[in-house]
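Have a look at the structure below before the remarks.
The values are calculated or read from the model by the stated rules, or taken from the named source; none is laboratory data. Please read these numbers as outputs of a predicted model, since none were measured by experiment. Every residue, glycine among them, receives a Cβ derived from its backbone with ideal geometry; neighbour counts consider all protein chains shown.
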Amino acid sequence: MTKLKPWLQKSLIVALIFSGLVFGLAITEIGLRIAGFEYTKFQTVDSSRGWTDKPGFAAWYRIEGGSYIEINSEGFRDREHTKIKPENTLRIAMVGDSIVSAYEVSAEENMANLIEQKLNEELKLGETKVEVIKFGTAGYGTDQELITLREKVWDYSPDIVILVFYPYNDVMNNSRLINSKVYDINNTKPYFIYEDGHLVLDNSYVNTSNYQANTSWVSKGWEQIRDRSRLLQFVSKVKFYPSFGQQLATLWLPIDGNLEPTIYDEVYKEQTDSQQWQQAWQVTDELIKLMHSEVKAKGADFLVVTVGDGVQTYPDSSVRQKFIQRLGVADLSYPDRRIQALGDRYGFKVINLAPIFQDYAQENKVCLQGFDNFVHCRGHLNVLGHQLASKVITQELSQEIHTDSI
């Protein structure tokens, strides 16, 4: 038997090791696919809004609740809509954050879809059809939603614009100083800041090394590969999910009699010595006023819907009261009252869902937020929450459309 030369032996060993490694990785990839594992990033960087959902992307989402997500060509979780409004169509644009995109429930269970169905069934407008278009992106503040209004919404000529406002984190999302204390997105999004008494856009994030790295061809290529590999998605989950989970855990702590206030709960304080929170509210008010004035200038109607946090709508009043005492406030209604006062002052309609949700949850002993695989009674709206929200909003829209007085 001829003895192989040393270099050939080493080459064969390396080839066998490499082949075994490739085979092992392939088996792992196949196994993860058979098991249904998927952990994808739905968002990509955007030059004007910081980030957006990937146009045309589709995958399963299972972190909280769960559903199959399909992103349209504009980068929103919705079906495709023609930019030219069809004849005999009443268009409603819903602008917001993850409350609107609602990855946690199926597209059919989302409030926007339910509102569209209910209005078409109940209004009986003859040949006129109601069409609801979603412009919601997870993590957005009111600042990014104003940019969305300007860059995306007007292309579809809506008759009504609904801003879905979630005070629990929307106010802080509009403040670079407060936002950076919680989220690692300080240098990845635009903000509006005051200069000479006026709000001006600060999009300096596009000049940061973080943004430049995320828009490089290397980063884009890696993103494409990761989207197609369950193995790389698994590695990403092991590496990044703990920090992401920690952020969610800080945002939505489980509600019980021992719940302690966090930085998010500062939003419930009407009297605060924090200049950062005072300015965050001031910027938020101005952003909503700008949205209203721009909607009005386009000849459309403007409606703000505020969505409460789970601690506001928890079915056990004694747990809510203990938390209120720990926070040192009279109640948890300040964000709703402030937005309502803003609407009264500038002439736009406001629907505050929190008190309606609280009454319903307490009477029926149910949770309108939260999922079995996440946090009980807290987090995004669950199926029942979307149903109740759509019912309340539909009732208001029905009255206003008939009287044409939104």
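Residues in the range 343-353 include none that are more than 30 Å from Lys289 (Cβ to Cβ) and of a type outside the set (Val, Ile, Thr). Here the strands (runs of 3 or more DSSP E) wholly within the range 33-140 that include at least 3 residues being at pLDDT below 95 and either in the same structural domain as Pro190 (by TED's automatic domain parsing) or more than 22 Å from Pro167 (Cβ to Cβ) (or both) are 43-46, 58-61.
Checking the conditions here, which among Asp170, Asp159, Asp155 is crowded, with 22+ Cβ neighbours inside 10 Å, touching a residue at least 24 places away in the same chain (Cβ under 8 Å) and of a type in the set (Asp, Glu)?
Values: Asp159 fails: crowded, with 22+ Cβ neighbours inside 10 Å; Asp155 fails: crowded, with 22+ Cβ neighbours inside 10 Å.
Of the residues listed, the single one that is crowded, with 22+ Cβ neighbours inside 10 Å, touching a residue at least 24 places away in the same chain (Cβ under 8 Å) and of a type in the set (Asp, Glu) is Asp170.
The set of residues in the range 141-164 being assigned to a loop (DSSP other than H, G, I, E, B) and either more than 13 Å from Gly50 (Cα to Cα) or out of contact with any helix residue (DSSP H, G or I) (no Cβ under 7 Å at 6 or more places or on another chain) (or both) consists of Lys152, Ser157, Pro158, Asp159.
Being more than 15 Å from the chain's Cα centre (by Cα) and either surrounded by 18 or more Cβ atoms within 10 Å (Cβ to Cβ) or β-branched (Val, Ile, Thr) (or both) is true for just one of Thr142, Thr148, Thr188. Which residue is that? Give the steps one after another, and end with the answer.
Details: Thr142 fails: more than 15 Å from the chain's Cα centre (by Cα); Thr148 fails: more than 15 Å from the chain's Cα centre (by Cα).
When all the criteria are applied, what remains is Thr188.
Restricting the search to the range 291-330, which residues are among the charged types (D, E, K, R), over 13 Å from Ala361 (Cα atoms) and either in contact with a Phe, Trp or Tyr (Cβ under 7 Å, 6 or more places away or on another chain) or free of Cβ contacts under 8 Å to residues at least 12 places away in the same chain (or both)?
Step one: filter the range 291-330 for residues among the charged types (D, E, K, R), giving 294, 296, 298, 301, 309, 316, 320, 322, 326.
The next check asks that each one be over 13 Å from Ala361 (Cα atoms); those that pass are 294, 296, 298, 301, 322, 326.
Matches in the range 291-330: Lys296, Lys298.
You will find that of Phe323, Phe374, the residue that is part of a helix (DSSP H, G or I), crowded, with 18+ Cβ neighbours inside 10 Å and aromatic (Phe, Trp, Tyr) is Phe323 and no other. How about the range 292-315: which of its residues are surrounded by fewer than 22 Cβ atoms within 10 Å (Cβ to Cβ) and part of a helix (DSSP H, G or I)? If the condition is that a residue be surrounded by fewer than 22 Cβ atoms within 10 Å (Cβ to Cβ) and part of a helix (DSSP H, G or I), then His292, Ser293, Glu294, Lys296, Ala297 are the ones that fit. Looking only at the range 350-384, filter to residues that are among the small types (Gly, Ala, Ser) and in contact (Cβ under 8 Å) with a residue 60 or more places away in the chain; which one of those is nearest to Val307 (Cα to Cα)? Among residues in the range 350-384 that are among the small types (Gly, Ala, Ser) and in contact (Cβ under 8 Å) with a residue 60 or more places away in the chain, the one nearest to Val307 (Cα to Cα) is Gly379. Scanning the range 327-344 for residues that are assigned to a helix (DSSP H, G or I), touching a helix residue (DSSP H, G or I) at 6+ places or on another chain (Cβ under 9 Å) and of a type in the set (D, E, K, R) returns Asp336, Arg338. Here Thr82 passes the criteria (1) within 15 Å of the chain's Cα centre (by Cα); (2) surrounded by fewer than 20 Cβ atoms within 10 Å (Cβ to Cβ) except the one numbered (1).
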